[in-house]
Ligand SMILES: Nc1nc2c(ncn2[C@@H]2O[C@H](COP(=O)(O)OP(=O)(O)OP(=O)(O)O)[C@@H](O)[C@H]2O)c(=O)[nH]1
Ligand SMILES: [Mg+2]
Ligand SMILES: [Zn+2]
């Protein structure tokens, strides 16, 4: 009988080699050309967190096992749209966004939350550097709590730390395989250093980051001493959803999805139709303006890609020919 091919866990991917944990040891294996043929819509055939099967020699990757989940975004590529898988087989997304330095970017955060919702991966928003602006921190915490997201405000500066929320993040990390994602300089690596005993990830200075350089340069899967794994990632500048449909989008914003049944028109896209419950909630301040703005920007882009050949344009306004919901 033939021996079973060994399996491994992808810990890190460099330009030509891939670091894989096989039977408790770390091996560097080449990225074989045939892997690139298996997933043509993805920019790279493998992602950190993937489980792989090695060939009989144990020195090359033969295939990638199906993923239980993936966090992916639209890759910045020319021509046909491609996906960039930032992490595979994860059970939790930790979106880290500083309230200041660098400034909070709602559209990026909303992209990450929507991508996690799309894959049904639980997500936590960490509002980092709350020591820099308590008022802004309270504002964003309100907006996202209202959206239905779990929000934790943190500070890792010695002497000013937020022990309760850091402890909550620690618990989440311990119970999950989490990917930590956010702008460069948001404080992702600092957060992990403050929480995980024994790790010393490189921390950037903000001048370096302002020059467009990342401190963390590759995604690394780190086993945690008390259980769980965490993937520290290099900073991202934007987060656009990969091939999202205009009808799908509304389900990725929890506070919009919750109000759909109250919209008069079944096909309501919440962009000017009559008797729209989402617009009514927005007017009452029950949905954050920045959240609605992000939704609408994504909607315009989704509609534009559904009608190839047409430039990005404003979605159809008014209830017009749409059929009202049967009451
Ligand atoms: N004031 C303040 N500064 C912080 C806090 N956390 C981190 N910083 C600073 O923010 C800067 C960037 O921190 P990093 O942890 O390297 O950020 P990063 O998100 O890992 O950045 P990349 O690896 O480039 O993606 C450093 O100068 C940290 O000292 C905080 O809670 N408060
Ligand atoms: Mg980092
Ligand atoms: Zn509506």
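When the residues of region 224-270 are filtered to those that are surrounded by 14 or more Cβ atoms within 10 Å (Cβ to Cβ), more than 15 Å from the chain's Cα centre (by Cα) and under 19 Å from residue 90 (Cα atoms), the one that is farthest from ligand 2 (Cβ to nearest atom) is 228. Put simply, of 157, 179 the only residue that is away from ligand 1 (no atom under 12 Å from the Cβ) and either in contact with a helix residue (DSSP H, G or I) (Cβ under 9 Å, 6 or more places away or on another chain) or part of a strand (DSSP E or B) (or both) is 179. Among the residues of region 160-176, what is the count of those that are within 20 Å of residue 49 (Cα to Cα) and part of a loop (DSSP other than H, G, I, E, B)? Summing the residues that are within 20 Å of residue 49 (Cα to Cα) and part of a loop (DSSP other than H, G, I, E, B) in region 160-176 gives 2. Of all residues in region 8-25, those satisfying the criterion of being more than 24 Å from residue 242 (Cβ to Cβ) and either modelled with pLDDT under 90 or over 27 Å from the mean Cα position of the chain (by Cα) (or both) are 16, 17, 22, 23, 24, 25.
Does residue 128 satisfy the criteria of being surrounded by 16 or more Cβ atoms within 10 Å (Cβ to Cβ), farther than 30 Å from residue 285 by Cα and either more than 16 Å from ligand 3 (Cβ to nearest atom) or not assigned by TED's automatic domain parsing to the domain that holds residue 102 (or both)? So residue 128 does not fit the description; no. Listed by position, the helices (runs of 4 or more DSSP H) contained in region 196-310 that have at least 3 residues being over 18 Å from residue 183 (Cβ atoms) are 246-249, 254-257, 277-283, 289-306.
Please enumerate the residues belonging to region 247-266 that are over 23 Å from residue 113 (Cα atoms) and modelled with pLDDT of 95 or more. Listed by number, the residues that qualify are 262, 263, 264, 265.
Condition check ((1) farther than 20 Å from residue 140 by Cα; (2) out of contact with any strand residue (DSSP E or B) (no Cβ under 7 Å at 6 or more places or on another chain); (3) in the same structural domain as residue 113 (by TED's automatic domain parsing)) across all residues:
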position	(1), (2), (3)
259	yes, yes, no
265	yes, no, no
268	yes, yes, no
274	yes, yes, no
277	yes, yes, no
281	no, yes, no
291	no, yes, no
295	no, yes, no
301	yes, yes, no
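Is it the case that region 52-63 has a residue that's surrounded by fewer than 24 Cβ atoms within 10 Å (Cβ to Cβ), within 13 Å of the chain's Cα centre (by Cα) and in a loop (DSSP other than H, G, I, E, B)? No, region 52-63 has no match at all.
The values are calculated or read from the model by the stated rules, or taken from the named source; none is laboratory data. On a predicted model such as this, the values are computed, not experimentally measured, just so you know. Heads up, the Cβs are rebuilt from the backbone with ideal geometry, glycines too, and the neighbour counts pull from every protein chain shown.
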